Structure formats: structure tokens, C-alpha cells
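> The structure under discussion is supplied below as C-alpha cells; questions concerning it will follow.
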Amino acid sequence: RGESASDDPARNVEEKRDALAIYKSKRAGCKEQLHLIVVGHVDAGKSTLLGRLLCDLGQVPAKLIHKYQQDSKKIGKQSFAYAWVLDETGEERERGITMDVGHSKFETDTKSITLLDAPGHRDFIPNMIMGATQADVALLVVDATRGEFETGFDSGGQTREHALLLRSLGVSQISVVVNKLDTVDWSKERFNEIVNKISVFLKQAGFRDAITYVPCSGLSGENIVAKPKSEGLSSWYTGPTLVEVIDNFKCPERPVDKPFRFSVNDIFKNTGSGFSISGHMETGMVSVGDKVVILPRNEPAVVKGIQEDESSTTHAFAGDQVSLILSGIDQQNLAVGDIVCSPYNLVPVSSCFQAHVVIFSIKMPLTNGMPVVLHQQSLVEPATISKLVAQLNRSTGEVIKKKPRCLMKNSSAIVEISTQRPICVELHKDVKQLGRVTLRIDGTTVAAGLVTKIK
Ligand code: GDP
């Protein structure tokens, strides 16, 4: 058997160094790339807002907008025309909700944005988690209409849960869009009231970076791309438009120097032969021709090709959203949630680990042996809380009580989590992206946190 370049680790390192140089030159002079997720309670106006944004940026052909306007008029839901720009399937249109995380691209002055449109409906939180694991930054959309903001924000509403999920999945930059301000006559008082309520909550939830609040209306298009024209808003608001807010986000660092980790979000057949996996480059880089190993099942494969935005490329780097064309592996031996890595630096695999978690506002306390659903990047896995190791002081992290009998809402703790089969997991201090977990029970997020020990 002839040795190929990728059999030799030393050569591999050398090639990677060259590729890193390619990476730096490729990115130099290019717009920075940013993955943006848009979250908020159902009906907060997310789809309308984004549809309007894409249209006003000239991203959508006038003919298509016209067609959507005609179609929506026919079914008596004229206001849906903009939302349809994003909702591609018929089912979503009929139900008037956004179900999956659809991708769209657009550009601001300094950035190239990939939009991950998150659904607001309760049943679809698992999709939102998937989107949030891919996101660098987020817009939290709230409906300023009297009564509606309160419904979305108070218990049962999705605004808080979405914000908590974002934070626990590592999204630290967030802007709040105070939407539908047309319904309250552009009231400055209403805007301030909402800003005050949310800012207290977001601080508690652990968002430390300065948060921008943008007043706008997706339906009328006010303060989305162009500065406000309506007297009601322009008389008191001189801050940035929504597009300016997006352009002002800071791009997170891309951990290209770390070991290669790719999380599998989807597996699909190619039109020709073989199959591809799409997913997120968590850390490191990968090149065409590389030998890889897919864990936890320990399946070797070779990267035959890399697709980014439907065109072929030779390398992919941390932060990229790409598809890998694989050979030498059976499609059945792969699953969503698996991790692809280099044979020279395998991702740890374990069925028992400890995490430092915060408990959300839950109705029933958490106890030993409780079954939960574990979310980690694209992985969704049945698990149990196998030990309550210690309860911690929320702000100092000191141990308050060892082996507590239960954990109440809003507390902080070290817990041991066990899964029936081994899964890929990293210490948060090593690879942040694979060291964050979220625990859910009966469709509600009960806790989220960071992996501190792997057994
Ligand atoms: P989503 O569930 O968050 O995606 O919300 P949609 O974009 O589907 O909007 C929900 C409803 O609110 C629709 O009937 C929209 O026409 C309406 N809507 C959206 N944005 C605005 C707005 O800025 N002002 C007003 N008055 N209504 C809006």
C-alpha cells in the first residue's frame, strides 16, 4: 500500500502550516464572515423583519416580492408577503410559522452575514438550539405591542428561554430589536419601558457585553436599512439602523490553531455517487485528501471534497459552515451529532462527565437519577443526571453544599451526567464549542452549562 501525504503526521503539520497561510491571505481584504441567528417569541415579527431587510438591501428580485404580494393578497394575509421571502416550504406558509433554520446571505458595509432564521414556536426549540450552535451573534426580537411584549417575556413566553439558551450555547453578543413600534405610535416611553425590563434580565442571564436596543417596524420598514422617516420615531431616535447594528457586531475569533473538530448537522446523498455531511467547523482546519475519523463510532474516512456555498474548495477552517464529501465509509455508520476529527488528535469519547450548570426557573427541583435530554452542538441524546456533586454560590462559584439532595430553580451546581452510549465531549477549557451542554425535560430547558471533568 503506497503511503500518501496524509499518512505522515509531520508532513501533515507542514501542509497545515501552508494552509493556514492560505487562510490568512484568503481572509485578508475580504469582508468578515458572521453567522447571525434571529430569535424571539412566536409572532414577534421575525420573518417579516428579515424579509424586509433582505428586500430593502436589494437582495430579493422585485418580481419575486411582487409575486409574494399578489399570492398573499389572494389568501387574505397580505402582511405575510415579506415573511415568505424566508419561509420556503408550503407547509410553513399555510401555518404562517417558520419551522426550520433556513439560511440566507446578505452583506453589510464590512461584513458578509449568513442568516440563521430561528423558529419561535415552542415545538421547534430543538431546531433553534441547532441554529444557536452555529451562530456567532444574535438578534432578539420582541413585539412592542401592548400586552404582546408581556406575553412573550413573562413565564411561558419564549423570549427569556431563547435568551438563556443563546447565552448557555456561547453566543455572547446580542442586540434587542424592539419591533412593531408602529403599533404604539412610536412611543419613546414604551420603548424605554421594554429596554429597562429586558436589560435587567439579560444582565442576570450573563450577557456582559454592551447590548444595543433598536426600535423599528418590519412591516413599515422603519429604521431597518434607511434612517427613520416617520416623525414619531425620528423626533427622539438618532441611533443606528438595524443594518448598522448588524455591521457593528464584532467577529468572534476563529480557533483555526486548535485540533480539527467538525460537528455533523446533516447527512445527504450526492447527486453523483457517495454522500456528504454538512456541518460546522468548530475548530482547526481540514483539507481535501485528509484522512479523518468519525467518533464516537471510530469510523475512518477520507475527505474527497469540500463544498462551501455550493462551490468546491480545498480547505475549510474553524467557523466555516461546509459540506464534506467522504469516501471509505458507509453512510449507515454516521449520525447527526457525530464529530469528525483527525486520526492524530481524537476527540475524547465518554458516557459520563461532570458539568458546571445553572438551573433555569424550573417548577420541579432536579434530583438524582432524573432522565433528561442532553443537547450538545447538533447532538441530541437521552441522558440522566447521575449525581448531584455540589451546589455552588452563583456569583463566587464556591461550594455551598456537597451532594445536595435536590437542586432548586436559579441555582448553580456541579452535576454528573451519564449517557447510555459513549458520546464525543470536550472539557470547556480545551474546546469551548464541544464543552457546552444544555439539559431539557419534557421540552423545557432546565439547565445549561460547561463540561468540567470527563470520566
Ligand atoms: P414570526 O413568527 O416572529 O416570524 O412573526 P411574523 O413575521 O410571521 O409576523 C407575525 C405577525 O405580525 C404577522 O401578522 C405580521 O404581519 C405582523 N407583523 C410583523 N411585523 C410587524 C410590524 O412591524 N408591525 C405590525 N403592526 N405588524 C407586524
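> Give the residue list of GluC sites (Glu not before Pro) in region 219-293 that are DSSP loop and have at most 14 other beta-carbon atoms within 10 angstrom.
Glu253
> Can you tell me the mean projection area, over all orientations, of the convex hull of region 199-297's alpha carbons? Units nm², please. Walk me through the numbers on the way to the answer.
On the way: hull surface 48.1 nm².
That works out to 12.0 nm².
> Could you sort out which of Lys67/Lys188; Lys111/Lys409; Lys197/Lys387; Lys73/Lys105; Lys250/Lys363 sit more than 30 Å apart by Cα distance in this structure? Spell out each step's value before the answer.
Numbers: Lys67/Lys188 36 Å; Lys111/Lys409 40 Å; Lys197/Lys387 36 Å; Lys73/Lys105 27 Å; Lys250/Lys363 37 Å.
Result: Lys67/Lys188; Lys111/Lys409; Lys197/Lys387; Lys250/Lys363 exceed 30 Å.
> Cut-off is 10 Å between beta-carbons; in what order do Met364, Met285, Met370 appear when sorted fewest neighbours first? All intermediate terms of the calculation are to be shown ahead of the outcome.
Numbers: Met364 12, Met285 24, Met370 19.
Exposure proxy ranking, most exposed first: Met364, Met370, Met285.
> Right, something else. Which whole-Hz ³J(HN,Hα) couplings does region 426-433 yield from phi under the Karplus relation 6.51 cos²θ - 1.76 cosθ + 1.60, θ = phi - 60°, glycine and proline marked x?
Residue by residue, region 426-433 yields 10, 5, 4, 5, 8, 9, 3, 4 Hz.
> Which trypsin sites (Lys or Arg not before Pro) from region 164-248 combine a DSSP loop assignment with at most 13 other Cβ atoms within 10 Å? List each step's numbers first, then the result.
Working: sites: Arg167, Lys180, Lys188, Arg190, Lys197, Lys203, Arg208, Lys229; in loops: Lys180, Arg208, Lys229.
Filter output for region 164-248: Arg208, Lys229.
> Turning to a different aspect of this structure: If you take every DSSP beta bridge fully contained in the chain, what fraction is antiparallel? Give it as a percent rounded to 5.
On the way: 88 of 110 bridges.
Antiparallel bridges: around 80 percent, rounded to the nearest 5.
> Taking the number of other C-beta atoms within 10 Å as the exposure measure, put Leu202, Leu407, Leu346 in order starting with the fewest.
Working: Leu202 20, Leu407 24, Leu346 14.
By the 10 Å Cβ count, ascending: Leu346, Leu202, Leu407.
> Compute the signed sum of charges (Lys and Arg +1, Asp and Glu -1) over the other residues within less than 9 Å, Cβ to Cβ, of Glu148.
Details: positive: Arg146, Lys180; negative: Asp43, Asp143, Glu150.
Neighbourhood net charge equals -1.
> Further, regarding this structure: What is the set of long-range amide H partners of Asn270 at a cut-off below 5 Å, with H atoms built 1.01 Å from backbone N?
Under 5 Å from the amide H of Asn270 lie the amide H atoms of Phe275, Ser276, each far enough along the sequence or on another chain.
> So, one more: How big is the chain by the Kirkwood estimate over distinct Cα pairs, in Å?
Numbers: mean 1/r = 0.0428 Å⁻¹.
23.4 Å is the Kirkwood radius here.
> If I model a spin label at Lys429 and Lys402 as a point 7 Å from the Cα along the Cα→Cβ vector, what separation in nanometres do I get?
It works out to 2.1 nm between the two label points.
> Another question about this same structure. At 0.36 nm per residue, and after removing the present C-alpha to C-alpha distance, how many nm does the segment from Thr271 to Gln70 gain when stretched out fully?
Numbers: separation 201, 0.36 × 201 = 72.36 nm, distance 3.48 nm.
Extending this stretch completely gives an extra 68.9 nm.
> Of Leu64, Leu165, Leu379, how do they rank once you tally other Cβ atoms within 10 Å and put the fewest first?
Working: Leu64 12, Leu165 27, Leu379 22.
Least to most surrounded, the residues fall as Leu64, Leu379, Leu165.
> Over region 291-433, with a single point scatterer placed on each C-alpha, what log10 of the ratio I(q)/I(0) does the Debye formula yield at q = 0.20 1/Å?
-1.20
> Counting Lys and Arg as +1 and Asp and Glu as -1, what is the net charge of the other residues whose Cβ lies under 13 Å from the Cβ of Lys403?
Numbers: positive: Lys387, Lys401, Lys402, Arg405; negative: Glu416.
Summing Lys/Arg as +1 and Asp/Glu as -1 gives +3.
The numbers here are math on the coordinates, done by the rules we state, and not lab data. Quick caveat, the model's predicted, so the values are computed rather than measured. As a convention, Cβ positions derive from the backbone with ideal geometry for all residues, glycine included, and neighbour counts pool all protein chains shown.
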